[in-house]
Amino acid sequence: MSKEIILKQVEARNPGEMEFHQAVTEVYESIKPVLDQNEKYRKFKVFERMVEPERALYFRVAWENDKGEVQVNRGFRIQMNSAIGPYKGGLRFHPSVNISILKFLAFEQVFKNALTGLPLGGGKGGSDFDPKGKSDAEVMRFCQSFMLELNRHIGHRTDIPAGDIGVGGREIGYLFGAFKKIQNEFTGVLTGKGIEWGGSLIRPEATGYGLVYFAKNMLETKKKALKGMKCLVSGSGNVAQFAIEKLIQSGAVPMTASDSSGYIFDEGGITQEKLDFIKDLKNNRRGRISEYADKFKSAVFTPVEEGATSNPLWSHKADCAFPCATQNEVNGEDASHMAKNGVLLLAEGANMPCDPDAINTLLENHIMYAPGKASNAGGVATSGLEMVQNFSGMSWTSEEVDQKLQGIMKNIHDNCLKAAEKYGFGNNYMAGANIAGFVKVADSMIAQGMY
Ligand code: NDP
């Protein structure tokens, strides 16, 4: 079947940007009926405009390591779409970061932010800097150099970055300190700040907690509950840690966690005490997940096997799966294993962790599937709540923020189903998320004229 002209144009104009092509193709396939039925979107070339960033920044970041050697990294900020609010989206520090990955993430962010119901545009940024193995002083010097350039492009009413892979509380602190020093202003220019200096309660927990709230809403449509369900979780960073925590609190049995060196399987379940060990290991000691199996004899560590065609983490018998590490970490073979093992539901904590084969396999096997732009939107939604608190000078309690987060996740869930049904996609959450996000942004773009 010949590829649609729009997709061919995207491939031709963005050569070699595989992740970006993948994200655009997925959205386009869902919104095609919307374009077919609405002449205004075709006439104003809304989709063609959406795939071009409003602005893409690319800059040098030079810094000095502890040995006094000069290091050179690349910094990026993709300001993708500001039709419904200022650019908003995380910063990723990881050696794999490139323009394709950041454009895919920024593109996804536009739809995700629209789904939250908050006035947030979409952006994403980061660097190929690897915080792993660096001292605190090296991370600080890198963050200061990165912000020396980024500061002139962001602002609390223009573009409000947050964390992502490799950017947690420590990095946000150094970035915020540098911005404040350069601009001589204390404003909510970043979210994910420390609670004593403008952060929101529940922001660290929000992506993982929101993911589990979304899964609960999905299960409720089948009159099921998480209690007693065996769960597979990948990753051991921010999203994975709080997904595991909320699963434990919900009476489910999270059995796995991973990092880029391998995964642990703990059949009896990761308890709160064991999770506290993971948090200390990853957030304070910055160690490897294999140490979990050294500490707890009930667990088995399996290292990553070079050249393996599937990830054994996903081949354990379970009821629910929550990929929370990185993009394209679940492929068609992994999804077939889940189907054979009777997995009922997969909800994405990471951005685009399922590749297109995996998504097709899940849907063909009637496994309930939630795309990250819906199921992991709790993080950015709570960043939005942090912004509201910064603007108003108020601080809400944990209970207040958590209540709002639960309400937002329920709305996103229901809006996905409503949009999917309206355009004949039944209960396909992916189509619903893409359509609901698209319509809101597209209508705003048309209303604001051509630019
Ligand atoms: P963290 O840096 O806290 O954790 C990332 C985890 O994923 C680590 O366990 C890391 O292992 C693992 N990982 C990263 N890259 C790879 C890789 N290439 N192969 C195998 N494992 C890998 O990041 P977050 O938890 O914040 O983010 C995880 C995912 O969730 C990302 O896709 C992010 O975009 C998404 N997300 C995050 C949000 C947030 O609020 N933080 C909001 C919405 C989505 P290792 O330490 O070995 O690298």
Note to self: From the mean inverse distance of alpha carbon pairs (Kirkwood) and the Cα radius of gyration, derive Rg over Rh for region 349-451.
What the structure shows: 1.05
Note to self: Taking the full set of protein chains and a 1.4 angstrom probe, give the accessible area of residue 233 in square angstrom, rounded to the nearest 10.
What the structure shows: 0 Å²
Item checked: Leading residue at positive end of dipole, the chain (Cβ point charges), from 90, 313, 385 -> 385
Check: Which distance in Å, rounded to a whole number, links the C-alpha centroids of region 325-378 and region 229-261?
Finding: 15 Å
Notebook entry, point to check: Taking the Cα centre of region 116-159 as the origin and placing charges on Cβ (Lys, Arg +1; Asp, Glu -1), which of 139, 118, 158 is farthest toward the positive end of the dipole?
Noted result: 118
Check: In nanometres, what is the gap between the two model label sites at residue 403 and residue 304, each 7 Å from Cα along Cα-to-Cβ?
Finding: 4.3 nm
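One quarter of the convex hull surface, Cα atoms only: what value does that give for region 61-100 in nm²? Display every interim value, and only then the final one.
Working: hull surface 15.3 nm².
Mean projected area for region 61-100: 3.8 nm², to one decimal.
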Note to self: Test of understanding: what is the full-extension gain from residue 40 to residue 197, defined as 0.36 nm times their sequence separation minus their Cα-Cα distance?
What the structure shows: 52.0 nm
Margin query: Net charge within 15 Å of residue 416 by Cβ-Cβ distance, Lys/Arg positive one each and Asp/Glu negative one each, not counting residue 416 itself?
Written below: +1
Note to self: Using a Förster radius of 51 Å, what is the FRET efficiency between residue 427 and residue 291 based on their Cβ-Cβ separation? Nearest 0.05, please.
What the structure shows: 0.80
Item checked: Å² of accessible area per residue within region 41-173, as computed with a 1.4 Å probe and no ligands counted -> 36 Å²
Notebook entry, point to check: What is the distance in Å between the Cα centres of region 79-109 and region 116-169?
Noted result: 11 Å
Next item on the list: Please list, in chain and number order, the residues 5+ apart from residue 88 or on another chain whose amide H is under 5 Å from its amide H, with Hs placed from the backbone.
Entry: 121, 122, 123, 160
Margin query: Over all directions, the average projected area of the alpha-carbon convex hull for region 1-144 comes to how many nm²?
Written below: 10.4 nm²
Notebook entry, point to check: Over the heavy atoms of residue 395, what accessible area does a 1.4 Å probe trace out, to the nearest 10 Å²?
Noted result: 100 Å²
Notebook entry, point to check: Over the chain, what is the percentage of antiparallel beta bridges among all DSSP beta bridges, to the nearest 5?
Noted result: 60 percent
Margin query: Need one number: nm distance between label points at residue 276 and residue 135, each 7 Å from Cα along Cα→Cβ, rounded to one decimal.
Written below: 3.2 nm
Notebook entry, point to check: Within the set 103/224; 67/132; 103/317; 88/223; 3/410; 67/124, which residue pairs have Cα atoms separated by over 27 Å?
Noted result: 103/224; 103/317; 88/223; 3/410; 67/124
Next item on the list: For the chain, would you read off the P(r) tail past 29 Å as a percentage of all alpha carbon pairs?
Entry: 44 percent
Note to self: Just to be sure I understand the rule: take each whole DSSP H helix in the chain, project its Cα atoms onto its long axis, keep it if the span is 15 Å or more and its mean Kyte-Doolittle hydropathy is at least -0.5. Which ones pass?
What the structure shows: 18-37, 99-115, 136-150, 169-183, 203-220, 238-249, 378-392, 429-447
Check: Are there chymotrypsin sites (Phe, Trp or Tyr not before Pro) in region 11-90 that DSSP puts in a loop and that have at most 16 other Cβ atoms within 10 Å, and which ones?
Finding: 44
Margin query: Can you give me the distance in nm between label points at residue 446 and residue 260, each placed 7 Å from the Cα along the Cα-to-Cβ direction?
Written below: 4.4 nm
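So what is the orientation-averaged projected area of region 222-314, using the convex hull of its C-alpha atoms, in nm²?
One quarter of the hull surface, i.e. the mean projection, equals 6.4 nm².
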Item checked: the chain - percent of accessible surface contributed by carbon and sulfur, probe 1.4 Å -> 51 percent
Item checked: Within-11-Å neighbourhood charge of residue 264 [Cβ basis; K, R +1; D, E -1] -> -2
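Just to confirm a number: summing +1 for Lys and Arg and -1 for Asp and Glu over residues other than residue 225 whose beta-carbon lies under 13 angstrom from that of residue 225, what do you get?
Values: positive: 216, 222, 223, 224, 227; negative: 220, 319.
Summing Lys/Arg as +1 and Asp/Glu as -1 gives +3.
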Notebook entry, point to check: Using +1 on the beta carbon of Lys and Arg, -1 on that of Asp and Glu, and nothing else charged, what's the dipole of the chain about the Cα centre, debye to 20?
Noted result: 900 debye
Note to self: Nearest 500 deg cm²/dmol is fine: what mean residue ellipticity at 222 nm does the chain get from its DSSP H runs of n ≥ 4 alone, each adding -39,500 (n - 2.57), divided by its residue count?
What the structure shows: -14500 deg cm²/dmol
Item checked: Accessible surface ranking that places the most exposed of 157, 49 first, with a 1.4 angstrom probe -> 157, 49
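The values are calculated or read from the model by the stated rules, or taken from the named source; none is laboratory data. Computed from a predicted structure; not experimentally measured. Every residue, glycine among them, receives a Cβ derived from its backbone with ideal geometry; neighbour counts consider all protein chains shown. Only protein heavy atoms, including side chains, enter the accessible area calculation; ligands, DNA and RNA are left aside. Shrake-Rupley method; radii C 1.70, N 1.55, O 1.52, S 1.80 Å.
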